[in-house]
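Colleague: Below you'll find the structure I mean.
The values are calculated or read from the model by the stated rules, or taken from the named source; none is laboratory data. Everything numeric here is computed off the predicted structure, so don't read it as measured data. Cβ sites come from the backbone with ideal geometry, for glycine too, and all protein chains shown count toward neighbours.
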Amino acid sequence: MVALLAIGLVLVKVLGRNTPSVSKNEALEISRPHIDFVPQEHQIRFIRRGIPPRGYWLVSYYIRKQEGGYKRVTVVVVDATTGKVTEVRRSA
């Protein structure tokens with residue numbers, strides 16, 4: 001059982017070493033049409049999720065409130081291999 005777990009962890013590490021074929025700037029360009037407001041700022045992060053791990057760009061667009069917090073936020077998830085938008089989350 002321990003050997004099987006060790007093999008699984010090694011495979012996840014080896015299969016998860018791919019570098020994104022979609023750049024950070026390309027992810028920004030791909031995600032922009034999916035927002036329905038003029039953002040004040042944006043933030044972009046690269047994450048891996050799934051088994052085997054797959055790379056995604058999370059692009060967050062937002063408007064801050066003057067008193068703190070956020071007035072509006074949209075997060076666009078872009079597949080770092082294909083460039084396909086896989087998810088859009090909006091909050092008012």
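Colleague: Kindly provide the set of residues from the stretch 1-42 that are among the β-branched types (Val, Ile, Thr) and either modelled with pLDDT under 80 or assigned to a helix (DSSP H, G or I) (or both), ordered by number.
Modeller: Result: Val2, Ile7, Val10, Val12, Val14, Thr19, Ile30.
Colleague: Can you give me the number of residues within the stretch 16-57 that are farther than 10 Å from Val78 by Cα and among the aliphatic types (A, V, I, L, M)?
Modeller: Here the count works out to 5.
Colleague: Scan the stretch 49-62 and tell me whether some residue there is assigned to a strand (DSSP E or B) and surrounded by fewer than 16 Cβ atoms within 10 Å (Cβ to Cβ).
Modeller: Yes: the stretch 49-62 contains one or more residues that are assigned to a strand (DSSP E or B) and surrounded by fewer than 16 Cβ atoms within 10 Å (Cβ to Cβ).
Colleague: Now, a different point. Considering each of Ile51, Ile47 in turn, give the residue that is under 12 Å from the mean Cα position of the chain (by Cα), within 30 Å of Leu5 (Cα to Cα) and among the β-branched types (Val, Ile, Thr).
Modeller: Exactly one of Ile51, Ile47 is under 12 Å from the mean Cα position of the chain (by Cα), within 30 Å of Leu5 (Cα to Cα) and among the β-branched types (Val, Ile, Thr), namely Ile47.
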